[in-house]
Every structure is written in C-alpha cells, then in structure tokens.
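A.B. asks: One structure, as structure tokens, below. Some questions next.
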Amino acid sequence: MSTTIEGGDAGTGAGPDTPPAAPRKKFEFPGPITMLAIVMIVVWLVALAVPSGVFRHDADGAPIPGSFQHIPSPLTFWQRVQQLILAPVNGLYGIRDSVSGFVDTDALGHLFGSVGVVMFIMSLGVFLSVSFATHSLEVAVARLGERLRTRGWLLIVAIMLLFSVLGSTMGFSVETFGFYGLLIPLMLAMGFDRMVAAMTIIVGAMIGCAASTVNPFSIGVASGEAGVSIGDGIVLRIALWVVMTAVAITYVVRYALRVQRDPSRSLVGFEAPDTEATDLAEENLEVTTEELRRLTGTQKWVLAITGFTFALMIFSVIPWSAIFGASTGPAEYELQHQTAAEPYWFELNWWFPQLTMLFVLAAIVVGVVARMGEKKLVSLITRGVGDMVGPAIVILLAQGVSVIMTNTQTIDTALNAMENLVSGASAGVFSILAMLVNIPLAFLIPSASGHATLAMPLLAPLGEFAGVNRALVITAWQMGHGLTMLVSPTNVVVAGGLAMAKVGYDRFVRFIWPLLLVLLVIAAAALGIGAALG
C-alpha cells in the first residue's frame, strides 16, 4: 500500500505550502526575425573561415574561367565585426560601389539594399488598413468564401496556375506580397488555414520562377551570358514547367482538402497568432450578419478600386517586349527591373517606386470615396505601416546575408569551388552536378540575374568540355537556383511572405520538404535524359 502525505505529492516530500513544480517549457522554434538574425551570424562566422578570392573579369564584367586566385582578406577582423553589425542597415539601403563592388551606405553606384521592397510592402499595409476599415473586403470575402466553400480547391488551382505562368514568363514573385491581405481571410473563410494561403502564393509563384521558360530576368540573362538564344532549350523547359506546376498544385490542394476535412491536421492551427488582424479596424463598428449579406454602394466602389489597383500592378510590371521579343541580355530584376529589349509603346515599366505610390494613392482614393475624415485616414495609414514593420525587418536581414558575402569577397571563392566540382564530369553527371552546385550559391545570391551573371560564364564553357550543350547548362542552373529559392530563408519572397502570413519557418519546412524532394528528383531525371539525348 502506498504512503501519501496530506497536502503534498506522494514521495516528493512537498509540504502543504510548497508551490507546484513549474511545467517544463516546450521548445519553440524562433520567429522569422530571430531565425534570420541567427542565419546572418552563422554566415558571418563561415565567412571568417573561408579565404577571400577573386576572378579576373572580361570587358563585360563576367568572370573568366580558370582565372581565380586567392587574395588577402580586404577587411581586418574588427572591420568584419563592423560588417556584421551594419549588415541589416546595408541590407536596407546599402549602395554597391560601381568600381570596387563593396556595399556601403556611403558608396557611389547602384542600390543593393531592399529599401524598395520594404517601401512596397508598407504601402500595401497602408492600402489594406484603409480598405479593411470600410469592411468591403470583409463582406466580399465572406460572400465569396460561402459560395466557394465546396469548390475552394478550384480557386487554389486557378491562383497557383496564374502565378506560375507569370513567374515562368516574367519572374513574378515579390509582387505577390500584395495578395496576402486578400487571400488569407478568403482561405480562412473557406475552411483552409494560413499555410494554404501562404503556399498558394509562395509555391505558385516560385514554382513558376524555378521552371522559367522565357523569363528575361533569369533565362534571358543566363542566355546572354552563355551566348545562346533565349529560345534554345525551351521544349525541355516547357515540359518541366508543366510537370512541376502540376505536381506543386496537386501537393498544395491535397493538403488544403485534408485540413478542410479535418482541421486538427493543420500544421499551423486556426487560432490567430496575435491580435493584429482583429485590431485592424477597431475604431469601426463590428460587421453584423445582415451587413455580411449585402454590399453597399460605397463598398462596391472600394472593391472596384481594389480590383483596378491590383490589375494595374500586374500589367505595369510585365516586360511585354522582352517576353514576346525573346531577347537576351543583362538585366537586374530585383534592383533595376530593366531588360535589353526596347519596350513596346504601351509598357509602363513600373517598379517599386511607382508601385509604392500606386497603393498609397489608391488608399487615399478609398478614404475619400468612403468619406473618412482626415484624422481617421491618417490613423489608418499609420497603423498600416506599423503592421508591416515585422516583415520589413525580415526582408532587410535576408538581404544583409548577401551583403556579408559580398563585402568579405568570399562569393568568388564559392564560385571557384563550384567550378572545381563540375570539371571533368561526364555529360549526365555534369548536368546534375550543375544543378546541385548552384544550390549553395543561390542561398548566397538570391537574385536570379546576379547569380546567372556570375555562374554562367564559368558553367557554359565547362559544359562543352563535358559534351553538354549550353541550353541544357542554363536549364540545370535554373533548376538549382529556382528550387533553392522555393525554401531559402534568404529569399525575400519566402521570408517576407511567411512573415506576412504569420507562418513559422519550421512549419513551412515541414510542409515543403517532401515536395522539394520530389521536384529535385524530377529535375535530375529530366537533366539526365536531356544530356543523354544530346
């Protein structure tokens, strides 16, 4: 018979006044800001151990194969410490020196930091804050969610297919930030979770970018550097796009339907992670059941403004001449959004400055149409900016990783390692290795055009020695870069999107790794077959 002590726990010796033992705190994966700060520190520590080095460059600025040489580190240890401290600042508005390539806030050159993206998502916060205060989007989402609840998977398919087409043809990716405020409440209204909303956007756009067909900012730049037409190899790239897009859509829809049937199987749950969404319009009266059934005249005008704004955003950034003209040449997508082709007369060629003001002006128009007072409108604008501070910090930290590798001059060392790994390989092995060796480089160089400018002048001639045509080398490089961007925390589309959807990176990895593994196998098989067919 066991002995118990009154007022205490058996066998513990705890008296009546002894407080109960505190439960062991369960480990929680760090949030996106903390995680990227850790990644930045780890990359900085690795850069301490990696020797600096440089390639000689030709007249066009491309690295010359076989010309790599190690150099003394351009920075002292304390200067490297300073680079770690300043990395977030340089990640926001650092300028890349046009001569030395060093990134600093006082340099003369072109913008390297992500201040354009940060301003863009803050303007989105402004627009959504003002629009949601009218309850127009809330009512429209509720009604659409009710109508599509049994066919919500069709909406997922349509959105992912559209984003994939845009990603494959013109690199549509960072523009997707504008859709989170619309799709998250819609997906929740149809019984899906935040993971479904985030993956519909991220996977939809990034699978298209990974399987680019005529994207001038990845395939176009790589073709220009390799000296071939943008149309070379397009049959294999189209086949890859069809297969990979179908697999990705099926994977997301399968998860969405499973969660809709059994909410307990959600990876992120359905409880709001914070109170930002409920506080968004706290100064407004709650929407009644009757109000959810009908739209007022003002709300219809707000929806019309919303639809026009997003349609104009998509139209304005598409490089129509580069897509239909199949042009090749240098371009810097994330920074300058320029192509080698002469734009058509109807092209707007807008980028972050214009898109930022598009959403700010649209928010003001909504405020005027809804007859908001000046104080209320300014309050909502301020709140909208504040809602996006978290994602903005995530984005500048992600860019700060690239700044560290650039300023320590260790990127060329990584390029040299890639060159050595693929040298002397057979055709089939080379094509697969060309994909794999670009995975770590993509992590360090998230910009597709920047990665292509550095990697293709080295890979293209090596491919010829292995009996692999340059078009297949481009496809292999694209697979390595694109599939890495699907999961890389240094990709602002992933890091910023997860922050906006409030989905933890650990949960995202749990969701995405089986899909990524399948896509890698598909890509490797296609490249091997392509190499065998010559």
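The values are calculated or read from the model by the stated rules, or taken from the named source; none is laboratory data. None of these values were measured; they are calculated from a predicted model. Here the Cβ positions follow ideal geometry from the backbone for every residue, glycine too, while neighbour counts run over all protein chains shown. Heavy atoms of the whole protein, side chains included, go into the accessibility calculation; ligands, DNA and RNA do not. Shrake-Rupley method; radii C 1.70, N 1.55, O 1.52, S 1.80 Å.
A.B. asks: Sort out for me the Cα centre separation of the range 79-93 from the range 467-526, rounded to whole Å.
C.D. replies: First find each Cα centre; the distance between them is then 27 Å.
A.B. asks: So between ARG510 and SER379, what do we pick up on full extension, going 0.36 nm a residue minus the alpha carbon distance?
C.D. replies: Fully extending the segment from ARG510 to SER379 adds 43.3 nm.
A.B. asks: With a 1.4 Å probe and every protein chain left in place, work out the accessible area per residue of the chain in Å², rounded to a whole number.
C.D. replies: Result: 44 Å² of accessible area for each residue.
A.B. asks: Using every Cα-Cα pair within the range 161-229, state what percent have a distance larger than 17 Å.
C.D. replies: Details: 1105 of 2346 pairs.
Percent of Cα pairs beyond 17 Å in the range 161-229: 47.
A.B. asks: Tell me, what HN-Hα J-couplings in whole Hz come from the Karplus equation 6.51 cos²θ - 1.76 cosθ + 1.60 at θ = phi - 60° for each residue of the range 151-158, using x for Gly and Pro?
C.D. replies: Running phi through 6.51 cos²θ - 1.76 cosθ + 1.60 with θ = phi - 60° gives 10, x, 4, 5, 5, 4, 4, 5 Hz.
A.B. asks: Which cross-chain or sequence-distant (5 or more) residues have an amide H under 5 Å from the amide H of GLY94, H modelled 1.01 Å from N in plane?
C.D. replies: PHE112, GLY113, SER114
A.B. asks: Sorted by accessible area with a 1.4 angstrom probe, largest first, how do LEU459, LEU48 fall?
C.D. replies: LEU48, LEU459
A.B. asks: Where does the charge balance sit around THR105 when Lys and Arg score +1, Asp and Glu -1, over other residues with C-beta under 13 Å from its C-beta?
C.D. replies: -2
A.B. asks: Quote the relative contact order of the chain in percent (integer), defining contacts as alpha-carbon pairs under 8 Å separated by 6+ residues.
C.D. replies: 24
A.B. asks: Using the beta-carbon distance between HIS70 and ASP97 and R0 = 25 Å, what value does 1/(1 + (r/R0)^6) give for FRET efficiency, to the nearest 0.05?
C.D. replies: 0.70
A.B. asks: Could you calculate the FRET efficiency of ASP262 with ALA59 from 1/(1 + (r/R0)^6), where r is the beta carbon distance between them and R0 is 60 Å, rounded to 0.05?
C.D. replies: According to the calculation, E is roughly 0.45.
A.B. asks: Now for a different question. Rounded to a whole number of µm²/s, how large is the Stokes-Einstein D of the range 417-475 at 37 °C and 0.692 mPa s, given Rh as the Kirkwood radius over C-alpha pairs?
C.D. replies: This corresponds to a translational diffusion coefficient of 292 µm²/s.
A.B. asks: What whole-number volume per residue, in cubic angstrom, does the convex hull of the C-alpha atoms of the range 111-204 give?
C.D. replies: Hull volume normalised by residue count: 95 Å³.
A.B. asks: Now for a different question. What ³J(HN,Hα) values, in whole Hz, does the Karplus curve 6.51 cos²θ - 1.76 cosθ + 1.60 give for the range 245-252 when θ = phi - 60°, with x put for Gly and Pro?
C.D. replies: 3J(HN,Hα) across the range 245-252, in whole Hz: 5, 4, 5, 5, 4, 4, 5, 5.
A.B. asks: Using the beta-carbon distance between HIS110 and VAL518 and R0 = 22 Å, what value does 1/(1 + (r/R0)^6) give for FRET efficiency, to the nearest 0.05?
C.D. replies: Calculated value: 0.05.
A.B. asks: Once the Cα gyration tensor of the chain is found, what semi-axes does its equivalent ellipsoid get, as square roots of 5 times the eigenvalues, in whole Å, sorted largest first?
C.D. replies: Semi-axes from the Cα gyration tensor: 40, 31, 25 Å.
A.B. asks: Restricting attention to the alpha-carbon atoms of the range 394-534, what are Rg (one decimal) and Dmax (integer), both in Å?
C.D. replies: 15.7, 48
A.B. asks: Under 13 Å from the Cβ of ALA62, count the other residues' Cβ atoms, weight Lys and Arg +1, Asp and Glu -1, and hand me the total. Don't skip to the answer; put the middle values down first.
C.D. replies: Values: positive: ARG56; negative: ASP58, ASP60, GLU225, ASP412.
That sum, taken over residues with Cβ under 13 Å, equals -3.
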